[in-house]
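The values are calculated or read from the model by the stated rules, or taken from the named source; none is laboratory data. Only a predicted model underlies this, so the values are computations on that prediction, with no experimental measurement involved. Here Cβ is always computed from backbone atoms with ideal geometry, including for glycine, and neighbour counts include all displayed protein chains.
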Amino acid sequence: MNDQVNALVQAAGQAANSGRWQDAERLWGQVRALAPDHPQALYSLGVHAFQRRDLMGALELLQAAHAAAPRDPLILMTTGVVLRERGDVQGEWEAINAALTADPYFLPGLISKAGFLERQGRAKAAAGVYRDVLKVAPPQPHWPDSLRPQLLHAAKMVEDHTEAFAAYLEAALAGPRTAIETAAAGRWAEAASIMSGRSKPYLSDSNQLYVPRLPAIPFHDRAQFTWVEALEAQTDLIREELQAALADQQGEFSPYIAYNPGEPVNQWAELNHSNRWSTYPLWRGGTPVQEHLDRCPKTAQALRDVEMAEIGGLCPNAMFSALAPHTQIPPHHGETNARLVVHLPLVVPPNCTYRVGFERTGWTVGEVLIFDDTIEHEARNDSDELRVVLIFDVWNPLLSKAEREMVQAMTEAARAFNAEG
């Protein structure tokens, strides 16, 4: 029977490729008669039913195809198309997201997601997905003919979003810019250009706000920071509170990497939702985790004595960061070089190393490291024991008070722009 089914499948494909749709449908029907759960036959018959505008029949066939091949993103995306024609907006959205959960890099699925958002009037959200579409698509000379119109539309949407965002930033920053020294004005013009997507940063690589023309210094001189000595003197007290948190509140150390289904995880696949890299947050994205601060009063006081960076929605952050034995944090970049990241090592077994850019070092308990995390960096624990550091962020000391206010103005403008839909 397998030979007969395979011969019919080949004949159906040839009929479809030559435009003999009735012959193709008849042949797929014969395949289904011999193999009722054949996913390709069910899918193809569903497409034929859709072409005849038999939406209910198409949906039933596609659902059967999905049951036979639950991880096939094309079946799920096509189901979404049928649901859209039936007026089922929620069903279409769920089908699109299910297709991307099966394959986050499925180009037609990303195009469908962006188109859905655009039809719902969410142009800015759509532009963000269209930007992902262009990242996943091959270079323009190699675009598939079947997707070229949609990819050209994606490029136009991204370009329009970029220009609108740039104009918005230009207006929003006109006031704060008056306080900036003339020598620094070019830095902020370039910063706005980078934030809007008009240009890319050089040297360091920031995920959110890049401040151009700051030197990309991997590890900063501790002597620049007046609070270092006082903080290091608190190491034993802070470590006692860490040990209490590890012993009594282990359940509140949670995975640092936590991407949702359907989101591309890239280098984070092995650590996604894994306790191999876990944290006990004290501040998160500018918001205090008061319950944890109350349990760690000496650590909380030590952090208050440090001028942590305050960037709305982003900083300050502070946490105990635990890296399990024989675990690597892969190379990555941070959010903004307007801030530096501080490590106060608390528990450091042998064979633990840290790299920022070209420079590789180890941790020494009680001796802070201060570095620019927008430079590619990675961490390794090649020991048999847990490694824990206190992490928090501070302002880059090369920014003036007026420029720190510029950072806050830019991030506030970005949030306001994106909150508009």
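Output yes when any residue across the stretch 106-115 is in the same structural domain as His153 (by TED's automatic domain parsing), part of a helix (DSSP H, G or I), more than 25 Å from Lys156 (Cα to Cα) and of a type outside the set (D, E, K, R), and no when none is.
The answer is no; no qualifying residue exists.
Step by step: first the residues of the stretch 126-169, then only those that are touching a residue at least 24 places away in the same chain (Cβ under 8 Å) and polar (S, T, N, Q), then the one that is surrounded by the most Cβ atoms within 10 Å (Cβ to Cβ). Which residue is that?
Looking at residues that are touching a residue at least 24 places away in the same chain (Cβ under 8 Å) and polar (S, T, N, Q), I get Gln150.
Does Glu359 satisfy the criteria of being over 30 Å from Ala247 (Cα atoms), buried (at least 17 other Cβ atoms within 10 Å of the Cβ) and among the charged types (D, E, K, R)?
So Glu359 fails the test.
Quick check on Ser18: is it in contact (Cβ under 8 Å) with a residue 12 or more places away in the chain and small (Gly, Ala, Ser)? Spell out the reasoning first.
Numbers: in contact (Cβ under 8 Å) with a residue 12 or more places away in the chain: no; small (Gly, Ala, Ser): yes.
Taking the combined requirement at face value, the residue does not satisfy it.
Restricting the first residue to the stretch 38-56 and requiring it to be farther than 15 Å from Asp23 by Cβ and in contact (Cβ under 8 Å) with a residue 24 or more places away in the chain, which pairs with a second residue that is of a type in the set (D, E, K, R) and not in a helix (DSSP H, G or I) meet a Cβ separation below 6 Å and a spacing of at least six or different chains?
Taking only residues 6 or more apart or on different chains, the pairs are Leu55/Arg86.
Yes/no per residue for (1) crowded, with 19+ Cβ neighbours inside 10 Å; (2) closer than 27 Å to Pro261 by Cα; (3) of a type in the set (Phe, Trp, Tyr):
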{"residue": "Gln22", "(1), (2), (3)": "no, no, no"}
{"residue": "Trp28", "(1), (2), (3)": "yes, no, yes"}
{"residue": "Pro39", "(1), (2), (3)": "no, yes, no"}
{"residue": "Arg52", "(1), (2), (3)": "no, no, no"}
{"residue": "Ala65", "(1), (2), (3)": "yes, yes, no"}
{"residue": "Glu85", "(1), (2), (3)": "no, yes, no"}
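Give the residues of the stretch 329-351 that are in contact with a helix residue (DSSP H, G or I) (Cβ under 7 Å, 6 or more places away or on another chain) and buried (at least 20 other Cβ atoms within 10 Å of the Cβ), sorted by residue number.
Ala338, Leu344, Leu346, listed by residue number.
Tell me which residues, restricted to the stretch 209-220, are part of a loop (DSSP other than H, G, I, E, B) and either in contact with a helix residue (DSSP H, G or I) (Cβ under 6 Å, 6 or more places away or on another chain) or within 15 Å of Asp393 (Cα to Cα) (or both).
Hits for the stretch 209-220 are Tyr210, Val211, Pro212, Arg213, Pro218, His220.
Filter the stretch 283-298 down to the residues that are assigned to a helix (DSSP H, G or I) and either over 27 Å from the mean Cα position of the chain (by Cα) or not assigned by TED's automatic domain parsing to the domain that holds Gln234 (or both) and list them by number.
Glu291, Leu293, Asp294, Arg295, Pro297, Lys298
Quick one: in the stretch 250-274, which of the residues that are under 21 Å from Lys298 (Cα atoms) and surrounded by 14 or more Cβ atoms within 10 Å (Cβ to Cβ) is farthest from the chain's Cα centre (by Cα)?
This residue is Glu252.
Name the single residue that is modelled with the lowest pLDDT among those in the stretch 327-343 being touching a Lys or Arg at 6+ places or on another chain (Cβ under 9 Å) and not hydroxyl-bearing (Ser, Thr, Tyr).
Taking the candidates together, the pick is Pro331.
Just the residues that are of a type in the set (Lys, Arg), farther than 19 Å from Leu209 by Cα and within 22 Å of the chain's Cα centre (by Cα), please, taken from the stretch 114-168.
Arg122, Lys135
Take the stretch 345-400 and flag every residue that is part of a loop (DSSP other than H, G, I, E, B), among the charged types (D, E, K, R) and modelled with pLDDT of 95 or more.
Residues satisfying the conditions are Asp372, Asp373, Asp382, Asp384, Glu385.
Does the stretch 318-337 contain at least one residue that is over 20 Å from Tyr256 (Cα atoms), in contact with a Phe, Trp or Tyr (Cβ under 8 Å, 6 or more places away or on another chain) and part of a strand (DSSP E or B)?
Step one: filter the stretch 318-337 for residues over 20 Å from Tyr256 (Cα atoms), giving 337.
The next check asks that each one be in contact with a Phe, Trp or Tyr (Cβ under 8 Å, 6 or more places away or on another chain); those that pass are 337.
From what's left, part of a strand (DSSP E or B): none.
The answer is no; no qualifying residue exists.
Report, by residue number, each residue of the stretch 227-255 that is modelled with pLDDT of 95 or more and in a loop (DSSP other than H, G, I, E, B).
Within the stretch 227-255, Trp227, Gln234 meet the criteria.
Hey, can you tell me all the residues within the stretch 378-394 that are touching a strand residue (DSSP E or B) at 6+ places or on another chain (Cβ under 6 Å), of a type outside the set (A, V, I, L, M) and touching a residue at least 60 places away in the same chain (Cβ under 8 Å)?
Result: Arg387, Phe392, Asp393.
So, in the stretch 144-195, of the ones that are among the hydrophobic types (A, V, I, L, M, F, W, C) and not in a helix (DSSP H, G or I), which residue ends up nearest to Ser206 (Cα to Cα)? Write out each step before concluding.
Within the stretch 144-195, the subset among the hydrophobic types (A, V, I, L, M, F, W, C) is 147, 151-152, 154-155, 157-158, 164-167, 169, 171-174, 179-180, 183-185, 188-189, 191-192, 194-195.
From the residues that got through so far, the ones that are not in a helix (DSSP H, G or I) too are 147, 173, 179-180.
Working: Leu147: 31, Leu173: 20, Ala179: 24, Ile180: 22 Å.
Restricting to residues being among the hydrophobic types (A, V, I, L, M, F, W, C) and not in a helix (DSSP H, G or I), the top hit is Leu173.
From the set of residues in the stretch 275-312 that are of a type in the set (Gly, Ala, Ser) and at pLDDT below 95, which is surrounded by the most Cβ atoms within 10 Å (Cβ to Cβ)?
If we take residues in the stretch 275-312 being of a type in the set (Gly, Ala, Ser) and at pLDDT below 95, then Gly286 is surrounded by the most Cβ atoms within 10 Å (Cβ to Cβ).
Which of the residues belonging to the stretch 116-125 are in a loop (DSSP other than H, G, I, E, B) and either surrounded by 13 or more Cβ atoms within 10 Å (Cβ to Cβ) or in contact with a helix residue (DSSP H, G or I) (Cβ under 7 Å, 6 or more places away or on another chain) (or both)? Can you show your working first?
Going through the stretch 116-125, the residues in a loop (DSSP other than H, G, I, E, B) turn out to be 120-122.
Passing the criteria: Gln120, Arg122.
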